[in-house]
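Everything on this sheet refers to the single structure shown next.
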Amino acid sequence: MRRLMLALMLVAAVLDGPALAQDDDGPIGAIGDGSLTGSLPETLPSYLVTGADGQIHFNADGLTPGEPIVLAAPPGFWQLDGTLPGTDIQACLGCLVYNTYTTATGETVVIPNTYTAIVMAATGYSPFNTPAELAIGNGALQLAAMAGAFDGLGIPPEDFTLENLIKRFDPTSNDFDPLFMLQLNIALNDPNNPLNSGAFFWAAGLFQFACHPVTGECAPVADRQPTGSGSGDDPLERICQALGDCPKPLTGVCPSRDFAISAPPPVYAAEKLLPAFPIVVGQDPAQRGVDVRAGVTVPPVTVSFNVEKEYPGERVCQWVGNGEGGGCTPGSFDSVAYKDGFQSWMASDPDWGSLDTTRQVCERVTRTFPDPVTGFSARLQLEAASIAWIETGDLQQRYPGAQVYQAVWPLWPGRPPIRQTIAADRTAISLEWERLPLRDPGQYRVVLAGRTAGTPYTAPRDLAYDKITFDVALLEAALIK
Amino acid sequence: MHITIHRRLIWIALIGAALAGLGAYALPRLALPPADAAVVPPDQAAITFTRAFYTVDYRDREGWLAALQPLATASGFRLIAGLLAPATWPRLTTAQTVTLAEQVKVRDEGLRAEGVSAAEQARGEAEAGWQIRRLTVTVAEAGRWPTMTAGTFPANILLIQEGGAWKFGAFLSDDDVRVFQQRSQ
C-alpha cells in the first residue's frame with residue numbers, strides 16, 4: 001500500500017488555456033499542466049495518467065462508483081435548505097458533496113464537486129477524519145474565473161481570489177450577499193454545468209484514503225494481499241498502524257487488539273446570567289438588557305487497545321554450542337536452562353554461556369485524542385409560539401399591530417462577546433455577551449451549532465443544541481375595579 | 001391656370017393619409033407592447049410560476065421544463081432542471097402523477113423581504129431587485145404528488161428581476177428567508 005502523503009499543488013500559471021472536463025470516453029478531466037510544486041509519487045495511481053499533453057488526467061475506468069458523501073456546510077456557512085415546498089424532496093445547495101469511488105485494491109477515492117472544492121480551498125476546512133494518502137489540489141481557481149467559468153456571478157475574474165471568496169462566504173461580512181451565494185451554489189452544484197461534466201471536476205481536487213474518510217469502513221477486496229496478522233481489513237488496526245501505535249502484528253500473546261473507543265458527548269453551556277427576571281428592554285427604565293453565556297466543551301476521545309511489548313527477561317545459563325558460549329560464570333545469570341540446575345563444569349564449558357532473554361507481555365494501552373471544534377455558532381431565537389402570540393395570538397388582540405422586532409439574534413459570529421475563552425486545543429469555547437437589548441417578549445431558545453474536526457479514530461461530530469433557555473417578560477397594566 | 005385633379009386621385013390621397021396616420025400610431029405599439037402590459041407584477045409572477053411548477057404530467061418532463069423556463073431566471077431554471085427535476089421526476093413517474101392546472105390553487109400572502117442585489121447590478125441588470133413572497137399552495141387530492149405531505153402548504157418564493165421581468169429564483173425555507181431579511185435591513 002502506498003503510504004505517501006502528498007500535497008501536490010498544480011500551478012496553472014503557464015497554462016495556454018483551461019483544460020475543461022471532457023466526456024467519459026476520453027481522458028475525463030485534466031487537472032493541471034503538470035507544472036507541479038511539491039513531490040510526485042514515484043508511480044501515479046492507475047486512475048491518474050499523464051497524457052501526451054503533459055497534463056495529469058483522471059480516468060474512472062476500473063473504479064467502482066460509490067454513494068456520494070453529502071455533508072452539512074461548514075459551521076458559519078450559509079446552507080440553503082432547498083426543501084421543495086409541500087414535499088419531502090430536498091436539494092441541499094450549500095452542502096459539501098463528494099463523489100466517491102473505490103479502487104480495485106480497496107482505497108476510497110474522493111472527489112469534491114466544484115463548490116465543495118472552493119469552500120475547502122478558501123477556508124482550509126476538511127471534514128475528513130483521517131489523513132489522505134494522496135491529496136491533489138488544483139490551484140487553477142483564478143484561471144477558471146479568467147476562462148469564464150464563473151461568469152454571471154457578478155465578480156470580475158481578477159477578483160476571484162480565495163481572499164475575496166472568504167469575505168463573500170462569511171455571513172458577517174459586508175460582502176456577503178445571500179443572492180450571490182444562492183446563485184453560486186446553483187451554478188456550481190448543477191450537474192449540467194460544463195464544470196461538472198464527466199466524472200471529474202475541473203478546478204476541483206482529489207483525495208485518496210485507505211478507508212472511507214467518513215464511515216471508516218474499508219471496502220472488502222477479495223484479492224487484498226495479506227498483511228501478516230490478517231487484520232489488514234480492520235480499519236482500526238490500519239489506523240493504529242498508521243499512527244505508529246501498532247508497529248507489529250499480534251503474535252498470540254494478546255488474543256486480539258480489543259479496541260475500545262470512548263467519545264463522550266459534547267457538554268454545552270447555554271444560560272441567561274442576568275438579570276434574574278428580564279423584561280423587554282423598551283419597558284425597562286434602565287434598559288438593562290440580558291446577559292447570556294454560551295459555549296461547548298468537547299471531551300477528548302480515548303482509545304484503548306492491546307499491544308504486545310517486549311521487555312528484558314532473565315539472563316539464562318544455557319547451551320550455546322560451537323564453543324561460542326564462553327562458560328557460565330557464577331553470578332552472571334539468573335537461571336539455568338538445565339533440568340538439574342547449575343553444574344560446576346558449566347563455568348568452564350565453552351559450549352555453555354549466559355544469554356539475555358526477553359519476555360513478551362500483552363499490555364493495554366490508552367491513547368487520548370482531542371477533538372477540536374472547527375466551527376461554532378450561537379444565536380438566540382424567539383420561540384415560534386411566542387412569535388405567534390405576538391403576531392396572531394393574545395397579544396395581537398390586546399395590542400393590534402404588535403409585531404416582532406427581531407426574532408433571531410446572531411451572537412457568534414455576529415456580535416463580539418464581552419468575554420471569550422477558547423482553549424488552546426480548541427476543545428472548549430465559552431462566550432459571554434452582556435446587555436443584549438431584547439425588544440420582544442417571550443421565550444428565547446439558545447441555538448448552538450458547529451462541528452468538530454474528528455480524531456483519527458472517530459468522524460467529525462456535529463455540535464447541536466437548541467433549548468428554550470429563558471423568558472423575557474412584558475409588563476402589562478390592568479385596571480382593577 | 002387650371003389644375004385638374006381627378007376625383008380618384010383625391011380618394012387615393014385621402015386613403016393614403018389615413019393609412020399613414022394609422023401606421024404612425026399603431027406600428028410602434030405593434031413592435032413594442034405598452035410598458036405596463038409587459039411588466040407582470042411580482043405577486044402575479046409568483047402565482048403564475050408556482051401554479052405552473054406544480055402542474056405536471058409524468059409523461060412530459062420536457063414540456064414541464066419548457067413551460068417553466070420563461071418564468072424563471074437563468075439561475076432559477078438551472079436549479080429546476082439540474083437539481084429539482086432529477087430529484088422529483090423519478091417519483092412522479094413511479095406514481096404516474098398528473099396534476100392539472102385547475103387542480104392547483106396559489107394565493108399570494110404578501111411580501112416577506114425585498115432588496116437589491118449588488119451582484120445582479122454588477123452583471124449589468126439595470127433593475128436588480130429581488131422579492132421574497134409568501135404563498136399558500138393548495139393541490140387537489142386527485143392531483144397530489146406522491147411526495148406531498150399535505151394538500152395545502154406554505155411556500156416562500158424568491159423572485160428576481162431579469163430582463164425587466166420578475167422571475168423565479170428559488171424556493172426558500174423560513175430560515176433562508178431570515179438570512180435575506182437580515183441582509184436587507
Margin query: Any residue that is open to solvent by 40 Å² or more (accessible area, probe 1.4 Å), on the phi < 0 side of the Ramachandran plot, under 18 Å from the mean Cα position of the chain (by Cα) and within 12 Å of chain A (Cβ to nearest Cβ) - is there at least one of those in the range B:96-112?
Written below: no
_If I filter the range B:152-174 for residues that are acidic (D, E), within 7 Å of chain A (Cβ to nearest Cβ) and within 21 Å of A:V404 (Cβ to Cβ), do I get at least one hit?_
no
A careful count of residues in the range B:128-138 that are at the interface with another protein chain (Cβ under 9 Å from one of its Cβ atoms) and modelled with pLDDT of 95 or more gives 2
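Taking the condition of being of a type outside the set (A, V, I, L, M, F, W, C) and open to solvent by 40 Å² or more (accessible area, probe 1.4 Å), how many residues in the range A:264-295 meet it?
Residues flagged as of a type outside the set (A, V, I, L, M, F, W, C) and open to solvent by 40 Å² or more (accessible area, probe 1.4 Å) within the range A:264-295 amount to 11.
Take the range A:369-397 and flag every residue that is under 30 Å from A:Y457 (Cβ atoms) and assigned to a loop (DSSP other than H, G, I, E, B). It would help to see each step written out before you state the result.
Applying the first criterion (under 30 Å from A:Y457 (Cβ atoms)) to the range A:369-397 yields A:369-378.
Correct list: A:P370, A:D371, A:P372.
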Reported set for the range A:290-329 where residues are among the β-branched types (V, I, T) and closer than 30 Å to A:P266 by Cα is A:V290, A:V292, A:V296, A:T297, A:V298, A:V301, A:T302, A:V303, A:V307
Restricting the range A:364-393 to residues that are closer than 24 Å to B:R112 by Cβ and charged (D, E, K, R), the one least open to solvent (accessible area, probe 1.4 Å) turns out to be A:E383
Can you find a residue that is within 9 Å of chain A (Cβ to nearest Cβ), small (G, A, S) and under 16 Å from the mean Cα position of the chain (by Cα) anywhere in the range B:114-127?
no
Flagged in the range A:331-355 as part of a strand (DSSP E or B) and in contact with a Gly (Cβ under 7 Å, 6 or more places away or on another chain), in numbering order, are A:W352, A:G353
Point to revise | Qualifying residue in the range A:270-286 (condition: farther than 23 Å from A:L382 by Cβ and assigned to a strand (DSSP E or B)) | key: no
Exactly one of A:Y457, A:Y465 is under 29 Å from A:R367 (Cβ atoms), touching a helix residue (DSSP H, G or I) at 6+ places or on another chain (Cβ under 7 Å) and modelled with pLDDT of 85 or more, and that residue is A:Y457
Evaluate the following for A:P410: is it under 29 Å from the mean Cα position of the chain (by Cα), in a strand (DSSP E or B), surrounded by 15 or more Cβ atoms within 10 Å (Cβ to Cβ) and of a type outside the set (S, T, N, Q)?
-> yes
Per the filter on the range A:329-341, residues over 60 Å from the mean Cα position of the chain (by Cα) and under 21 Å from A:P312 (Cβ atoms) are A:T329, A:P330
Scanning the range B:59-84 residue by residue, the ones that are crowded, with 18+ Cβ neighbours inside 10 Å and either outside any strand (DSSP E or B) or facing chain A (nearest Cβ under 10 Å) (or both) total 14
Quick count over the range B:150-185, residues being among the small types (G, A, S) and in a strand (DSSP E or B), is 4
Selection from the range A:348-363 of residues open to solvent by 40 Å² or more (accessible area, probe 1.4 Å) and among the aliphatic types (A, V, I, L, M) yields A:L355
*Is one or more of the residues making up the range A:310-322 in contact with a strand residue (DSSP E or B) (Cβ under 9 Å, 6 or more places away or on another chain), of a type in the set (V, I, T) and outside any strand (DSSP E or B)?*
yes
For the range A:453-469 the number of residues that are more than 30 Å from A:P441 (Cα to Cα) and of a type outside the set (V, I, T) is 8
Of the residues in the range B:139-149 that are within 11 Å of chain A (Cβ to nearest Cβ), part of a loop (DSSP other than H, G, I, E, B) and open to solvent by 10 Å² or more (accessible area, probe 1.4 Å), the one that is nearest to B:L100 (Cα to Cα) is B:R144
Cβ pairs under 7 Å, 6+ apart or interchain, first in the range A:244-264 and in a loop (DSSP other than H, G, I, E, B), second open to solvent by 70 Å² or more (accessible area, probe 1.4 Å), ordered by first then second residue, are A:D245/A:R367; A:P249/A:G228; A:V253/A:Q360
The condition of being assigned to a loop (DSSP other than H, G, I, E, B) and under 18 Å from A:V267 (Cβ atoms) holds, among A:P460, A:P400, A:P417, A:P456, only for A:P460
Checklist entry - Do the conditions hold for A:D425, that is, is it open to solvent by 30 Å² or more (accessible area, probe 1.4 Å), free of Cβ contacts under 8 Å to residues at least 60 places away in the same chain, out of contact with any Ser or Thr (no Cβ under 6 Å at 6 or more places or on another chain) and not hydrophobic (A, V, I, L, M, F, W, C)? => result yes
Scanning the range A:342-357 residue by residue, those in contact (Cβ under 8 Å) with a residue 24 or more places away in the chain and over 57 Å from the mean Cα position of the chain (by Cα) turn out to be A:F342, A:M346, A:D349, A:P350, A:D351, A:W352, A:G353
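The values are calculated or read from the model by the stated rules, or taken from the named source; none is laboratory data. Keep in mind it's a predicted model, so treat the numbers as computed, not measured. Note: ideal-geometry Cβ built from the backbone for every residue, glycine included; neighbour counts use all protein chains shown. These accessible areas exclude ligands, DNA and RNA; they are computed on the full protein's heavy atoms, side chains included. Shrake-Rupley method; radii C 1.70, N 1.55, O 1.52, S 1.80 Å.
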